[in-house]
1. Report ³J(HN,Hα) in whole Hz for each residue of segment 117-126, in order, from the Karplus equation J = 6.51 cos²θ - 1.76 cosθ + 1.60 where θ = phi - 60°; Gly and Pro get x.
2. Amide H neighbours of Ser237 under 5 Å, counting only residues 5+ apart in sequence or on other chains, H built in-plane at 1.01 Å?
3. Evaluate 2.2 N^0.38 Å with N set to the residue count of the chain, then give the Cα radius of gyration divided by it.
4. What list of ³J(HN,Hα) couplings, whole Hz, do you get for segment 65-77 from phi and the Karplus terms 6.51, -1.76, 1.60, once you set θ to phi - 60° and write x for glycine and proline?
5. Mind telling me which of Ala96, Ala86, Ala39 comes out most flexible in a GNM of the chain, alpha-carbon contacts under 10 Å?
6. What's the local net charge at Ala39, with K and R +1, D and E -1, over the other residues with C-beta under 12 Å away?
7. Only Cα pairs under 8 Å and at least 6 apart count here; give the relative contact order of segment 1-157 as a rounded whole percent.
8. Counting pairwise Cα distances across segment 100-194, what percent come out greater than 23 angstrom?
Amino acid sequence: MADAAKTDGFYSNLSCGALGVSPGFPAAVDLAVEFGFGAVDPDVGYLAGQSPAEVEQLRARLAEQGVRWGNAGVPVNINADAATFATQLAGLEEFAARLAALGVDRAGTWIRPMSDSLTYRRNFARHVERIGLVDEILAAAGVRFGLEYVGPKTFWSTERYPFVHTLAETRELLAAIGSSNVGVILDTFHWFTSAESADDIRTLTADQIVAVDLNDAPTGRERDEQIDGQRLLPGASGVIDVAAFVAALRDIGYAGPIKVEPFNAELRSLPAHEAVARTAESLKAVL
């Protein structure tokens, strides 16, 4: 068994969806156990279709293997039109209750870093209001809410009004929201493309980080030429100083899930077992 799980306080998290492979949730659980991951992202839709006894049997198996839940996605689009947002928000209480029943205590979404119609200030105000509404429901269910900023200039510069795309701006957004239940999802790729340092991470406290993604970047491109959908497994190229990033997490005592989300065509083309094996080895090397 490869051991991807044993770290300082944080733990490796398998997300087959983030790797671009789809073995099915039962197989994903088997892979997490086989390769020593400390967590697996829950498939809430799949689990909703199982009987209470089947869910408890699965949870018992995970507990026996020392595997916990990673973080779930939030089924609410912060950027949707008002009617769509209201409809999605209305269904969130049931979703949050399902997470709580499963024992999932972290969920997140990403911040779209630009708009063709909303200025920065107008978009900021809307995000504060909408994130606050989502958080109120998640917090009541005991679920932490993570926000991931997106750093590549090749993405945030493609529409008329750039929006939040750095850690500093995300912290300003969190401060305006004013909820200790809302934190940041850190990703090495966005940290790198935003020209941030390990010391920027050290300005955070451990409880301000909800989840972490580790990735590397292709060679042969300047920082501002990196493309969000083209990444590498952590440590693959050395373009991103993953070691410094992880060291900063250790320094502040982060103790949550760490997963890989490389958006890598080569990895997606592999059988799920081999893709997960490579991911486990990459995490073992950098953690």
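Just so it is clear, none of the values below were taken in a lab; they were calculated from the coordinates. Note that the structure is predicted; figures quoted are calculated from it, not measured. Cβ coordinates were reconstructed from backbone atoms using ideal geometry, including for glycine residues, and neighbour counts include every protein chain displayed.
1. 10, 10, 5, 4, 5, 5, 5, 4, 4, 5
2. Ala217
3. Taking N as the residue count of the chain, the ratio is 0.97.
4. 8, x, 9, 10, 7, x, 10, 9, x, 9, x, 9, 8
5. Taking springs between Cα atoms under 10 Å, the residue moving most is Ala86.
6. That works out to +1.
7. Relative contact order for segment 1-157 comes out at 19 percent.
8. The share of Cα pairs beyond 23 Å in segment 100-194 comes to 25 percent.
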